[in-house]
1. Cα-based Rg of the chain per 2.2 N^0.38 Å, rounded to two decimals?
2. With a cut-off of at most 16 other beta carbons within 10 Å, and DSSP calling the residue loop, which trypsin sites (Lys or Arg not before Pro) in segment 34-95 qualify? Please list them.
3. Calculate for the chain the 222 nm mean residue ellipticity that helices alone would give, adding -39,500 (n - 2.57) per DSSP H run of length 4 or more and normalising by residue count, nearest 500 deg cm²/dmol.
4. Would you pull out the residues with amide H under 5 Å of His38's amide H, same chain only if 5 or more places away, H placed 1.01 Å from N?
5. Give me the distance in nm between label points sitting 7 Å out from Cα along the Cα-to-Cβ direction at Glu81 and Asp51, one decimal.
6. How many nm is it between the label spots at Leu13 and Leu88, if each spot is 7 Å from the Cα in line with the beta carbon?
7. Quick one: what are the phi-derived ³J(HN,Hα) couplings along segment 63-71, Karplus 6.51/-1.76/1.60 with θ = phi - 60°, whole Hz, x for glycine and proline?
8. Chymotrypsin sites (Phe, Trp or Tyr not before Pro), restricted to segment 23-77: which are DSSP loop and have at most 13 other Cβ atoms within 10 Å?
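Each reported figure results from applying straightforward, stated rules to the coordinates on display, with no laboratory input. All of these numbers come straight from a predicted model, not from anything done at the bench. Cβ placement follows ideal geometry from the backbone for every residue including glycine, while neighbour counts extend to all protein chains displayed.
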Amino acid sequence: MGEAERGESAPRLRISFWCSNGHETRPSFASDAQIPEHWDCPRCGFPAGQDEENPPAPPRTEPYKTHLAYVRERRSAADGEAILAEALAKLRGEI
Ligand SMILES: [Zn+2]
């Protein structure tokens, strides 16, 4: 078992994965291991796939939205201006 002494007892497969940033990573797998469809890119953390031309899309990062952001989305800019104008008018005692 001379092979075993060099740490190559089991045949290993090197599989290339590419992330959407073009990073290639080549983890090795035991020949009887199940090759995962996706691999996390060790450089940027994006999912990487075995198809270089068609890497998996990066995860969508949903920015945290404040309550105010939701309110702004619900109201159009015009509405916002009307509300602001009304508030200013109240401040000035015009209403
Ligand atoms: Zn990457």
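1. 2.24
2. In loop regions of segment 34-95 (DSSP not H, G, I, E or B), the sparsely surrounded trypsin sites (Lys or Arg not before Pro) are Arg43, Arg60, Lys65, Arg75.
3. After summing the helix terms and dividing by the residues of the chain, the value is -8500 deg cm²/dmol.
4. Distant-sequence amide H within range of His38: zero hits.
5. Placing both labels 7 Å along Cα→Cβ, they lie 4.7 nm apart.
6. Roughly 6.8 nm, to one decimal.
7. Couplings: x, 5, 9, 7, 4, 4, 4, 5, 4 Hz.
8. When the chymotrypsin sites (Phe, Trp or Tyr not before Pro) of segment 23-77 are filtered for loop state and at most 13 Cβ neighbours within 10 Å, Tyr64 remain.
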